[in-house]
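Input: a single structure, listed below in structure tokens.
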DNA sequence: AGATTGTATCGACAGCCATCGATACGTTGA
DNA sequence: TCAACGTATCGATGGCTGTCGATACAATCT
């Protein structure tokens, strides 16, 4: 059992109760953590902000390299991670690849934070 | 300027417009990314789920080691990261340290995902 | 076909991070 | 004062990750 609430002053002799089961399963924790990992890089967050706020709803990858200020392989790497996390989708049109955000995915993750 | 929407079929000759400014500043991106980094580990997410769902609103650190299944130093390390990210607060009472969640912080982060 | 251009992949390297044993610190109780 | 206990810190280690140059791939244009 978890010890009583002793916030004020007293200190119980009894502590460290028996283990309860964890609300978040190991599998769910792994999945959630993988999404947060995709969001844990400032370059990816800025890419996401550009893509999400695009007036046309989508952005050509060629328009993402210059403002980010990183090399083209690096930007491509980050876009791949965002894509695999389900945060953006993409489509190849001719030589170019267009990216757009998946807001329902982001709000789904957000709701998991209560 | 960003090229026209050519989703259907045609492919424009013109692409790769001039750089717009990024909605998310570099400073804000760093700050946000640091919080997501704190959330990017399954052990920390499970710790947070235990702490957040505690009936008394708080949990003794001594009750966190066993269910997580990691060593005491490892759990202490993760709790420190959650604390420094502003996701939990803590108070020492006697020998024990009690942790509780800061839901307003989590919802603040969640709202940043739209 | 060959040249050009946008994108993704590869290989390498440096820095960060999760993990644990050992240990130090602080508090309690005898 | 000393022993016991909960927690935090330290040091080491293995694995992961962001970065870039070089290169491969695919589509377009001449």
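Computed from the coordinates by the stated procedures, all read-outs in this text should not be read as laboratory data. The shown structure was predicted, so the numbers you read here are calculated from the model rather than taken from an experiment. For neighbour counting, all protein chains shown are included, and Cβ atoms are generated from backbone atoms with ideal geometry for every residue, glycine included.
How big is the C-alpha Rg of chain B next to the rule-of-thumb value 2.2 N^0.38 Å, as a ratio?
So the Cα radius of gyration is 1.60 times the expected 2.2 N^0.38 Å.
Using only Cα atoms and rounding to the nearest 10 degrees, what angle (0 to 90) does helix A:72-84 make with the longest principal axis of chain A?
Compared with the principal axis, the helix lies near 50 degrees.
Could you work out, residue by residue across B:24-36, how many beta carbons of other chains sit within 10 Å of that residue's beta carbon, and then give the average as an integer?
Counting Cβ atoms of other protein chains within 10 Å of each residue's Cβ and averaging gives 5.
Bin width 10 Å, origin at 0, all Cα-Cα pairs of the protein assembly as shown: what percent of pairs per bin?
Calculated over all Cα pairs of the protein assembly as shown, the distribution is 7, 29, 26, 17, 11, 6, 2, 0 percent.
P(r) of segment B:46-102 in 5 Å steps, Cα pairs, percent per bin?
4, 21, 34, 29, 12, 0
Divide by every residue of chain A the summed helix terms, -39500 (n - 2.57) for each DSSP H run of at least 4, and state the resulting mean residue ellipticity at 222 nm, rounded to the nearest 500 deg cm²/dmol.
Per the formula, -13000 deg cm²/dmol.
Compare the peptides A:16-27, A:35-46 by average per-residue count of other Cβ atoms within 10 angstrom and give them in order, highest first.
Ranked by mean Cβ neighbours within 10 Å, highest first: A:35-46, A:16-27.
Using Cα atoms only, what is the angle between the long axis of helix A:26-38 and the major principal axis of chain A, expressed in degrees (0 to 90) to the nearest 10?
40 degrees
Quantify how strongly other chains surround peptide B:97-104 by giving the mean number of their Cβ atoms within 10 Å of each of its Cβ atoms.
1
How crowded by other chains is A:86-95, given as the mean number of beta carbons from other chains within 10 Å of each beta carbon?
2
Between copies, how far does the label point of residue B:76 sit from its twins, in nm, shortest first, when each point is 7 Å from Cα along Cα→Cβ?
Distances to the matching label points in the other copies: 4.7 nm.
How far apart, in nm, are two points set 7 Å out from the Cα along the Cα-to-Cβ line at residue B:27 and at residue A:107?
According to this spin-label approximation, the distance is 3.1 nm.
Calculate how steeply helix A:42-52 sits against the longest principal axis of the alpha-carbon atoms of chain A, using the helix alpha-carbon long axis, and give the answer as 0 to 90 degrees to the nearest 10.
For A:42-52 against chain A, the angle is about 60 degrees.
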